[in-house]
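Asker: Structure in structure tokens, see below.
The values are calculated or read from the model by the stated rules, or taken from the named source; none is laboratory data. The structure presented is a predicted model; accordingly, all values stated were derived computationally and were not measured. Neighbour counts run over all protein chains shown; Cβ positions are idealised from the backbone, glycine included.
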Amino acid sequence: MNLIEKAIQIKNQALEALKKVVVPSSLEDFYNQYLAKKGEIPGLMTHMKEAEDKAAYGQTVNATRNEVLDAYMSKKAEMESAKLNAKLKSEVLDITLPGTEEEIGSLNPYWMVIREVEDIFLSMGYEVVKGRDVETDHYNFELLNVPKDHPSRDMQDTFYFSPELLLRTQTSASQAHKMCEMTEKKPIRMISPGKAYRRDDDDMTHSHQFAQIEGLVVDRNISIANLKGTLELFAKKMFGEKREIRLRSSYFPFTEPSVEVDVSCFNCGGKGCAMCKGTGYIEILGAGMVNPKVLEMCGYDPKEWSGFAFGVGVERVAMLRYCIDDIRRIYQNDLRFLKDFK
Ligand code: PHE
């Protein structure tokens, strides 16, 4: 056998051996045996000196090397893609399997009412102001024209931390804050939702903590017509286009005159039903023209400025709107109750 035949024999051996390779480690062995620097095919070159026809031998060795290398490379690629396919197959996700159900929560009706009222007043150009739960006697009472001997200052009604510090009994404290904070006295249009606290025995309609949404408008030439128009628009947006409002005379120390605002019953349309106790109207908020004394104490000259204020009871609106019979449900976080509001 001459050298050329020998080279061809090695090539055939190598190609045969390659066919039998199935695992990556034997592919590596194969490479080392035939193709690596010290492998059999490069080794053929060492016989060059002995070859009769050096050019023909050189060509044969080169062709052998190329052919075996090509075969090796495609085997390698084939094995790698087989490996990748096996991995993909083993990691395949069965997207038809039912998953574990996530419970999606819902807003408490309390927040539904607050957000809705906020949206209505934001659309009318009001700003939403954050108040504070812990207040001073000064903001909660004094600036709101609640005199020292007023019964609401009684230990029976207010949670006191000290004679000066208390849990606010009404969000109206935010009115006083807002007016006092205005270093440059400018018009105000704000609402301020938040909690208020009173010493009350909890029952179906009373809670020692509850939420109110305070509203305040201060500008030049504000009259009770502005109050009525604003609250009528609010009632229609909140309770339906057909609603009408009715003002009844009332008393709050920080408004003069003061009114109680009723909205025509959204259950019976005003004919009289159980919800409106046959009267056709439901009381929804307290309001009034800002008392000039309050304006003055908060730095607004009542000769130049006037305004109106109102306070909406959040739970009351939520209870009426969603037919909730017991105010405590709003706080108990019973999922069976909350799920009804999805
Ligand atoms: N603060 C009053 C209350 O708690 C409600 C109110 C607010 C009345 C603003 C008039 C103006 O009953």
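Asker: Looking at (1) closer than 18 Å to residue 307 by Cα; (2) in contact (Cβ under 8 Å) with a residue 24 or more places away in the chain; (3) out of contact with any Cys (no Cβ under 6 Å at 6 or more places or on another chain), find the lone condition where residue 180 falls short.
Answerer: In the conditions (1) closer than 18 Å to residue 307 by Cα; (2) in contact (Cβ under 8 Å) with a residue 24 or more places away in the chain; (3) out of contact with any Cys (no Cβ under 6 Å at 6 or more places or on another chain), residue 180 misses (3) alone.
Asker: Tell me, yes or no, whether the stretch 99-113 has at least one residue that is in the same structural domain as residue 232 (by TED's automatic domain parsing), over 24 Å from residue 327 (Cα atoms) and aliphatic (A, V, I, L, M).
Answerer: Checked against the condition, which is being in the same structural domain as residue 232 (by TED's automatic domain parsing), over 24 Å from residue 327 (Cα atoms) and aliphatic (A, V, I, L, M), the stretch 99-113 yields no hits at all.
Asker: Can I ask one more? Return yes or no: is residue 130 away from the ligand (no atom under 16 Å from the Cβ) and either over 29 Å from residue 323 (Cα atoms) or touching an Asp or Glu at 6+ places or on another chain (Cβ under 9 Å) (or both)?
Answerer: So residue 130 does not fit the description; no.
Asker: Would you call residue 117 buried (at least 19 other Cβ atoms within 10 Å of the Cβ), closer than 20 Å to residue 290 by Cα, assigned by TED's automatic domain parsing to the domain that holds residue 258 and within 32 Å of the chain's Cα centre (by Cα)?
Answerer: In short, no.
Asker: How about the stretch 1-39: which of its residues are among the hydrophobic types (A, V, I, L, M, F, W, C) and not in a helix (DSSP H, G or I)?
Answerer: 1, 21, 22, 23, 36
Asker: Follow-up question, since we're still on this one. Can you pull out every residue in the stretch 205-261 that is within 10 Å of the ligand (Cβ to nearest atom), buried (at least 18 other Cβ atoms within 10 Å of the Cβ) and closer than 16 Å to residue 317 by Cα?
Answerer: 210, 212, 213, 214, 215, 261
Asker: How many residues does the stretch 276-314 contain that are within 16 Å of the ligand (Cβ to nearest atom) and among the charged types (D, E, K, R)?
Answerer: Of the residues in that region, 2 qualify.
Asker: Filter the stretch 152-204 down to residues that are surrounded by 19 or more Cβ atoms within 10 Å (Cβ to Cβ) and small (Gly, Ala, Ser) and give me whichever is farthest from the chain's Cα centre (by Cα).
Answerer: Top of the filtered list is 176.
Asker: Something else about it: When you check residue 150 against the structure, is it touching a Pro at 6+ places or on another chain (Cβ under 8 Å) and not β-branched (Val, Ile, Thr), yes or no?
Answerer: Yes; evaluated as a whole, the condition is true for this residue.
Asker: Inspect all residues belonging to the stretch 186-202 and state whether any of them is among the hydroxyl-bearing types (Ser, Thr, Tyr), in the same structural domain as residue 285 (by TED's automatic domain parsing), modelled with pLDDT of 95 or more and more than 11 Å from the ligand (Cβ to nearest atom).
Answerer: Checked against the condition, which is being among the hydroxyl-bearing types (Ser, Thr, Tyr), in the same structural domain as residue 285 (by TED's automatic domain parsing), modelled with pLDDT of 95 or more and more than 11 Å from the ligand (Cβ to nearest atom), the stretch 186-202 yields at least one hit.
Asker: Residue 294 passes all but one of (1) surrounded by fewer than 19 Cβ atoms within 10 Å (Cβ to Cβ); (2) in contact with a helix residue (DSSP H, G or I) (Cβ under 9 Å, 6 or more places away or on another chain); which number fails?
Answerer: (1)
Asker: Go through the stretch 286-315 residue by residue and tally those that are closer than 30 Å to residue 184 by Cβ and part of a strand (DSSP E or B).
Answerer: Number of matching residues: 12.
Asker: Okay, next question. Please go through the stretch 149-172 and pick out each residue that is in contact with a Leu (Cβ under 7 Å, 6 or more places away or on another chain) and within 14 Å of the ligand (Cβ to nearest atom).
Answerer: Selection gives 158, 172.
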